[in-house]
1. Quick test for you: out of Leu290, Leu234, Leu269, pick the one residue that is more than 30 Å from Lys104 (Cβ to Cβ), touching a residue at least 60 places away in the same chain (Cβ under 8 Å), among the aliphatic types (A, V, I, L, M) and not in a loop (DSSP other than H, G, I, E, B).
2. Can you report the number of residues in the stretch 342-382 which are open to solvent by 80 Å² or more (accessible area, probe 1.4 Å) and in a loop (DSSP other than H, G, I, E, B)?
3. If you check Ser278 against the conditions, is it touching a residue at least 60 places away in the same chain (Cβ under 8 Å), in a loop (DSSP other than H, G, I, E, B) and open to solvent by less than 60 Å² (accessible area, probe 1.4 Å)?
4. Restricting attention to the stretch 300-327, and to residues there that are touching an Asp or Glu at 6+ places or on another chain (Cβ under 6 Å) and either outside any strand (DSSP E or B) or surrounded by 15 or more Cβ atoms within 10 Å (Cβ to Cβ) (or both), which single residue is modelled with the lowest pLDDT?
5. Among the residues of the stretch 408-432, write down those that are buried (at least 18 other Cβ atoms within 10 Å of the Cβ) and among the hydrophobic types (A, V, I, L, M, F, W, C).
6. Considering only the stretch 401-508, give the strands (runs of 3 or more DSSP E) lying wholly within it that have at least 1 residues that are more than 29 Å from Arg285 (Cβ to Cβ).
7. When residues of the stretch 383-400 are filtered for being modelled with pLDDT of 85 or more and either surrounded by fewer than 15 Cβ atoms within 10 Å (Cβ to Cβ) or outside any loop (DSSP other than H, G, I, E, B) (or both), how many remain?
8. Which residue pairs have Cβ atoms under 8 Å apart, sit 6 or more places apart or on different chains, and have a first residue in the stretch 73-97 that is farther than 13 Å from Glu49 by Cβ and at pLDDT below 90 and a second that is loosely packed, with under 11 Cβ neighbours inside 10 Å and of a type in the set (Asp, Glu)?
Amino acid sequence: MMTSLFILLIGLFLLPNFTTYSSEGENLFTIWLFGEEMGSVEDQELAEELIVKARKELAANKDNLYMIEDMHKEIIGEESIYKKADDEDEVYNKIKNTLKAHQKETMMRAYMVKVNNTTINLATAEEVDELLTRAIAKYDEDNEYEVKTEVNEDRVMSTLTARLSRKDIDYDVLMLDSGAENVFGKDVSESELIEYLDFDEITQGITDIGFAEEIEVAETYIPRSEIVDVDTALSLFTEEQEVQQIYDVQPGDTLSAISNKVGISMDELVELNSQYLSNSNSTIRAGQSLIITVPEPELSVLWTRREIVEESYEADVIYIDNDSWYTTKQVTLTEPSAGFRKVVSDVTYKNEAVVERDIVKEEVLIEAVAKVVERGTKVPPTYIKPISGGILSSGFGGRSSPGGRGSTNHQGVDYAIPSGSSVYASSGGTVSVAGWSGGYGYCVLITHPDGSKTRYAHLSKVLVSVGQTVSQGEKIALSGNTGISTGPHLHFEIILNGTPVNPLNYLN
């Protein structure tokens, strides 16, 4: 009791000096990243600074795009009397290690090169220059040209333009060395200058190199795994690939000749043109368009070489139009004779193939005699299918004999169609035959203005007479099953210059 009383007296004596506790607010801030506690610091701004500092350190000195996963960050403040802040260095290191553990695949700065539909990625702009310079090296005989990429100021995005130029060439010095300015008192173009030079004063060689396709170059950021080396890029752009093109059949062409000319097999040629060709014996005509495949690289080089040659040459054909003849008729009035000349030519190539030849200087040693041809201008008749509907039951050419009685060399086509169906004139002309015609049964033969003929056979009824003029599409007969026939159908022929041809190649 005495002790308690003593303590109470001491407390009463000190009471005037006692200070009550007052709250100062949040004074400790705990950092959480990706759901993990990083530690606590005394200031919220310091917490933010530590995170930013760690990210900067991880991204420093990297020639790439530093990325981390979507960062879930929390900084939770509290008021604490007894709990102390953690060591700042320890908190910083834990933040940095946690960010590093959640780093995404590094995105590298690269240069995308696009040609047509092919895109590759190179590590540096210098590699882009090397790729394009090596692409032209095969044709740059004297290693005079180089490619440099430069920023395209006209584009909003970070794009580059590839420019090709000759190395260390001063065109002003070349012009002065030629003496052109001294001779003419003014600047003249190189092509104009050649006219005044002797052949032995003209230099042969490459005059220009460029690319046939547009080349797009853009700076980008991509995963390192998508970047290729220059050798791989060069192979992708310059390896030949099969590209489809159109070939226009020329007079005198055959399928075998076209096959040899374009370098593809007969079977492939027939397969590519199955809508026109049934087999390797199918008939083709001049002007017909065929699909072919040719090997071409994705990136092609256009280059021009100045060449001096002595050669024989043909004069251009001289045509005399005859308005009373059909376009299928022409007569040679004067036979040609080759001449001989010496020429300076600028020959432009696309890779290995010649695409243009421009003669810039010529000296004729022996004059050529031109071929003179008289040709018709009237458009010959067109042909339409002579029936509406029907099923093609037998094609043109070789076949098995139908029923053991029909021809094995079929000179027309057969359309299976019910007897009594309407038959129409395929082209306008004069009826030459209208009646019974042996194995053809009832038959109509029409002669057309250009001398061609069409035959319609195995009819049940003839509706025209010999000497009658009919128009294209006019009803001339009814189909049937007369003559040597194994069932109701229409036999149809087109005869040109006395020879039956495959009607399917001529029907419009």
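1. Going through Leu290, Leu234, Leu269 in turn, just one is more than 30 Å from Lys104 (Cβ to Cβ), touching a residue at least 60 places away in the same chain (Cβ under 8 Å), among the aliphatic types (A, V, I, L, M) and not in a loop (DSSP other than H, G, I, E, B): Leu234.
2. Qualifying residue count for the region: 3.
3. No, not satisfied.
4. Taking the stretch 300-327 and keeping what is touching an Asp or Glu at 6+ places or on another chain (Cβ under 6 Å), we get 304, 306, 320, 322, 326.
Right, trim to either outside any strand (DSSP E or B) or surrounded by 15 or more Cβ atoms within 10 Å (Cβ to Cβ) (or both) and you get 304, 306, 322, 326.
Working: Thr304: 92, Arg306: 91, Asn322: 94, Tyr326: 83.
So, considering only residues that are touching an Asp or Glu at 6+ places or on another chain (Cβ under 6 Å) and either outside any strand (DSSP E or B) or surrounded by 15 or more Cβ atoms within 10 Å (Cβ to Cβ) (or both), the one modelled with the lowest pLDDT is Tyr326.
5. Val413, Ile417, Val423, Ala425, Val431
6. Once the strands (runs of 3 or more DSSP E) in the stretch 401-508 are filtered for at least 1 residues that are more than 29 Å from Arg285 (Cβ to Cβ), what remains is 429-436, 442-447, 453-462, 475-479.
7. 7
8. Filtered contacts from the stretch 73-97: Glu79/Glu24.
The values are calculated or read from the model by the stated rules, or taken from the named source; none is laboratory data. Computed from a prediction, not measured in an experiment: that's the story for all the values here. Note: ideal-geometry Cβ built from the backbone for every residue, glycine included; neighbour counts use all protein chains shown. With ligands, DNA and RNA removed, areas are computed over all heavy atoms of the protein, side chains included. Shrake-Rupley method; radii C 1.70, N 1.55, O 1.52, S 1.80 Å.
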